[in-house]
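The values are calculated or read from the model by the stated rules, or taken from the named source; none is laboratory data. What you see is a predicted model, and the numbers here were worked out from it, not measured in a lab. Here the Cβ positions follow ideal geometry from the backbone for every residue, glycine too, while neighbour counts run over all protein chains shown.
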Amino acid sequence: MAEKSIFEKLIDELTKLPGIGPKLAQRIAFYLLKQPQESVEVLANTILKVKKEIKYCSICFNLTEKDPCEICTNPERDKSIICVVAEPKDLWAIEKTSKFHGVYHVLGGLISPLDGVFPEDLRIKELMERVKKGNIKEVILATDSTPEGEATAMYIARLLMEYPVKVTRLAHGLPAGTELDFADEMTLIHALEGRKELIL
């Protein structure tokens, strides 16, 4: 069998990206081929720079170039309200609404025993440490409205029962089974504004 050409290898690498099948990978490869050398070099260098310089914030675990991140160090953010999300992409989705002015905590996933993800695999312990330090008035559980998202929210809500904090969940506007980063901005705004206190 003949060895694959470098162009075919590029297509193979592109298909490894989430949501990109062989046809789309081929289209991207042809697009890149048509671009000026400088443009492709900027893209390649940016990818390498991101991989080298982006890290996790030591407070909220968002992706950042400097630690702590800009949200955690922003004096205008309300540090007494923590919005708990599964992944940095969910944080970005909420930030796009410009309606939330508190801080975040990124769990790094959702509880999913079938996929081998258990509470100890997430940054739940770190969240509890933040709450234990005090000065937290509200924890918003902004996980997806999928079974995994709901299970994670309920697990964290139970842990928070022993602390004097208000625990809320994103409300109406998010259909069951919705992943946060797929929701449009208006839906997220309604969900944030209409959040309800979790009473267990």
Residue 92 meets each of (1) within 19 Å of residue 156 (Cβ to Cβ); (2) hydrophobic (A, V, I, L, M, F, W, C); (3) in the same structural domain as residue 192 (by TED's automatic domain parsing) with one exception, condition (1)
For the stretch 130-142, state whether one or more residues are of a type in the set (Asp, Glu) and either in contact with an Asp or Glu (Cβ under 8 Å, 6 or more places away or on another chain) or in a helix (DSSP H, G or I) (or both). no
Can you find a residue in the stretch 28-46 that is assigned to a loop (DSSP other than H, G, I, E, B), touching a strand residue (DSSP E or B) at 6+ places or on another chain (Cβ under 8 Å) and modelled with pLDDT of 95 or more? no
Looking at 61, 118 in this structure, which one is more than 23 Å from residue 185 (Cβ to Cβ), touching a strand residue (DSSP E or B) at 6+ places or on another chain (Cβ under 6 Å) and among the aromatic types (Phe, Trp, Tyr)? 61
What's the number of the only condition in (1) assigned to a loop (DSSP other than H, G, I, E, B); (2) loosely packed, with under 10 Cβ neighbours inside 10 Å; (3) at pLDDT below 95 that residue 51 fails to meet? (1)
Six or more apart or on different chains, Cβ atoms under 6 Å: show the pairs whose first residue is in the stretch 31-56 and assigned by TED's automatic domain parsing to the domain that holds residue 88 and whose second is surrounded by fewer than 10 Cβ atoms within 10 Å (Cβ to Cβ) and in a loop (DSSP other than H, G, I, E, B). none
State whether one or more residues within the stretch 84-107 are at pLDDT below 95, farther than 24 Å from residue 189 by Cα and surrounded by fewer than 15 Cβ atoms within 10 Å (Cβ to Cβ). no
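So in the stretch 1-57, with the set limited to residues that are among the hydroxyl-bearing types (Ser, Thr, Tyr) and out of contact with any helix residue (DSSP H, G or I) (no Cβ under 6 Å at 6 or more places or on another chain), which one is nearest to residue 68 (Cα to Cα)?
Here is the first cut: in the stretch 1-57, the residues among the hydroxyl-bearing types (Ser, Thr, Tyr) are 5, 15, 31, 39, 46, 56.
If we keep only those that are out of contact with any helix residue (DSSP H, G or I) (no Cβ under 6 Å at 6 or more places or on another chain) too, we end up with 5, 31, 39, 46, 56.
Details: 5: 44, 31: 37, 39: 32, 46: 22, 56: 9 Å.
Checked the stretch 1-57; the qualifying residue nearest to residue 68 (Cα to Cα) is 56.
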Among residues of the stretch 78-89, those that are touching a helix residue (DSSP H, G or I) at 6+ places or on another chain (Cβ under 9 Å) and farther than 17 Å from residue 153 by Cα, counted: 2
Collect the residues in the stretch 57-74 that are surrounded by 17 or more Cβ atoms within 10 Å (Cβ to Cβ), over 15 Å from residue 102 (Cβ atoms) and among the polar types (S, T, N, Q), keeping them in residue-number order. 64
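Would you point out which residue out of 67, 12 is outside any helix (DSSP H, G or I) and farther than 30 Å from residue 145 by Cβ?
Numbers: 12 fails: outside any helix (DSSP H, G or I).
Result: 67 is the single residue among 67, 12 that is outside any helix (DSSP H, G or I) and farther than 30 Å from residue 145 by Cβ.
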Going by what's in this entry, would residue 98 be described as under 30 Å from residue 154 (Cβ atoms) and of a type outside the set (Val, Ile, Thr)? yes
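A quick yes/no check of all residues on (1) at pLDDT 90 or above; (2) surrounded by fewer than 16 Cβ atoms within 10 Å (Cβ to Cβ); (3) part of a helix (DSSP H, G or I):
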position	(1), (2), (3)
126	yes, no, yes
148	yes, no, yes
163	yes, yes, no
175	no, yes, no
181	no, no, yes
189	no, no, yes
199	no, yes, no
